[in-house]
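Colleague: One structure follows; several queries about it will come next.
Read-outs: derived from the displayed coordinates by stated rules, not from any lab. These numbers were taken from a predicted model, which means no experiment stands behind them. Every residue, glycine among them, receives a Cβ derived from its backbone with ideal geometry; neighbour counts consider all protein chains shown.
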Amino acid sequence: MKPLLALALTLASHAALAAPVVDDAGHTVQVPAHPQRIADGWFAHHALMLTLGAGGRIVATVNHPDRQPWMFKVQPSLNQAQAVTGNAFNVESLLADKVDLVFTSTGDRQALAYEQAGIAVVRMGFNDLPGLEHSLDITAQALDSDTARQRAHDYNAWLEGQVADVQRRTADLTEQQRPRVLHIASLNPLKVDGADTLIDTWIRLAGGRNAATGLRGNLQVVDAEQVLAWHPDVIVLAADAGDLKQVPLLAQLQGVKVLRNPAGVFPWDRYGTEVGLQLVWAGQQLHPQRFGDVDMVQRTVGFYRRFFGYSLTQAQAQQILAGQAPL
């Protein structure tokens, strides 16, 4: 047995343990009490960690400042974390770095290797808002922190308030009043998001219909001809999706409103906690007359202060809303 692996197994057998956690893959995981050195192998999960006030515990990351610049600005300790390309950590590096807990996505094949090395692994994944709330609760349990549990409770209550507010404003819209919205995650290659996704959830809650009819799942590759056939009323481009000019055939689309999605600590349109802001932003974009009283700059500043402990300026909030990186 390799010395590092033997040491890890010995330490694990003597470590204090918290209550078992049932993760999003249905596995019962025995996590160490108050884990302090965490490797986070799911890109989006970092936003949950920051929301729970535990971003400083991340010592190994799959994120990078050139891809998520606001994340590293809000949580500068990530600049000192061990960073990997892709989502696979080196097991011996984790052991040498005394990592006591790894978060992965539910489909991460590397998770078994971490477990075999004696490191607790909590698998995370969700595709709707109740799933996000559940994942936040599970993360707080794994962190074994009263502060994290309280933050999860506060965030989930806030998110449910956002959902109720948006539903109140859009509930009486007829099917014809709901624009057909196509969310484009990438233009090269051309990828869109279909049903059974968090993206589909916020489109519907914000008073739209997903234009990608017949398509299910995230990041589905399609051709430009299919987009022309769908002919959406609104195209929402992910912040880093590129420019529509990259696909000349799409110039044939007429009368389509094109929006650039906000991106902060994590892209608002995907699987981070800023999706609560995304609901309101999307509602305001699709139905401005129903959201005329909403100041998204102030909402963004308030969210960052409350849930990330970070004081954004109004100019910074405007950059995030425009999908721009910090200066």
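Colleague: At a threshold of 8 angstrom on Cα-Cα distance, excluding pairs fewer than six apart, so keeping six or more, what relative contact order does segment 173-294 reach in percent?
Modeller: Answer for segment 173-294 is 26 percent.
Colleague: Right, here's the next one. What is the mean projected area of the alpha carbon convex hull for segment 120-179, to one decimal in square nanometres? Before the final figure, lay out each step's value.
Modeller: On the way: hull surface 20.6 nm².
So the Cα hull casts an average projection of 5.1 nm².
Colleague: Over the chain, what is the relative contact order in percent, taking alpha-carbon pairs closer than 8 angstrom and at least six residues apart? Present the calculation step by step, with values, prior to reporting the outcome.
Modeller: Working: 586 pairs, mean separation 54.8, N = 327.
Relative contact order here is 17 percent.
Colleague: Applying the Karplus parametrisation 6.51 cos²θ - 1.76 cosθ + 1.60 with θ = phi - 60° to the phi angles of segment 160-166, what ³J(HN,Hα) value in whole Hz is obtained for each residue in order, glycine and proline being reported as x?
Modeller: 5, x, 5, 4, 4, 5, 5
Colleague: Turning to a different aspect of this structure: Which whole-number percent of Cα pairs in segment 173-294 have a distance greater than 16 Å?
Modeller: Cα-Cα pairs of segment 173-294 separated by over 16 Å account for 58 percent.
Colleague: For a Förster distance of 25 Å, can you work out the FRET efficiency between the beta-carbons of Asp223 and Val258, rounded to the nearest 0.05?
Modeller: Values: r = 19 Å, r/R0 = 0.76.
Working from the Cβ atoms, E equals 0.85.
Colleague: Further question: For a Förster distance of 35 Å, can you work out the FRET efficiency between the beta-carbons of Ala325 and Ala171, rounded to the nearest 0.05? Intermediate results must be reported in sequence, preceding the final value.
Modeller: Numbers: r = 36 Å, r/R0 = 1.03.
Plugging the Cβ-Cβ distance into 1/(1 + (r/R0)^6) gives 0.45.
Colleague: log10 I(q)/I(0), Debye, Cα-only segment 3-158, no solvent, q = 0.09, 0.12, 0.16, 0.19 Å⁻¹?
Modeller: -0.25, -0.46, -0.85, -1.22
Colleague: Let me ask something else about it. Within a Cβ distance under 11 Å of Ala239, other residues only, what is the Lys/Arg minus Asp/Glu net charge? Provide the component values of the computation, followed by the final result.
Modeller: Numbers: positive: Arg67, Arg260, Arg270; negative: Asp240, Asp269.
After counting each charged neighbour, the total is +1.
Colleague: How do the peptides 246-254, 51-59 rank, highest first, by the average count of neighbouring beta carbon atoms within 10 Å per residue?
Modeller: 51-59, 246-254
Colleague: Between Lys98 and Ala19, what is the label-to-label distance in nm when each label sits 7 Å out along the Cα-to-Cβ direction?
Modeller: 2.8 nm
Colleague: Let me ask something else about it. Compute from the Cα atoms of segment 206-247 the Rg and the Dmax, the latter being the longest Cα-Cα distance, and quote both in angstrom.
Modeller: Cα only, segment 206-247: 11.0, 29 Å (Rg, Dmax).
Colleague: Another question about this same structure. At 222 nm, what value in deg cm²/dmol follows for the chain if DSSP H runs of at least 4 each add -39500 (n - 2.57) and the sum is divided by all its residues, to the nearest 500?
Modeller: Details: 12 runs with 124 residues, N = 327.
After summing the helix terms and dividing by residue count, I get -11500 deg cm²/dmol.
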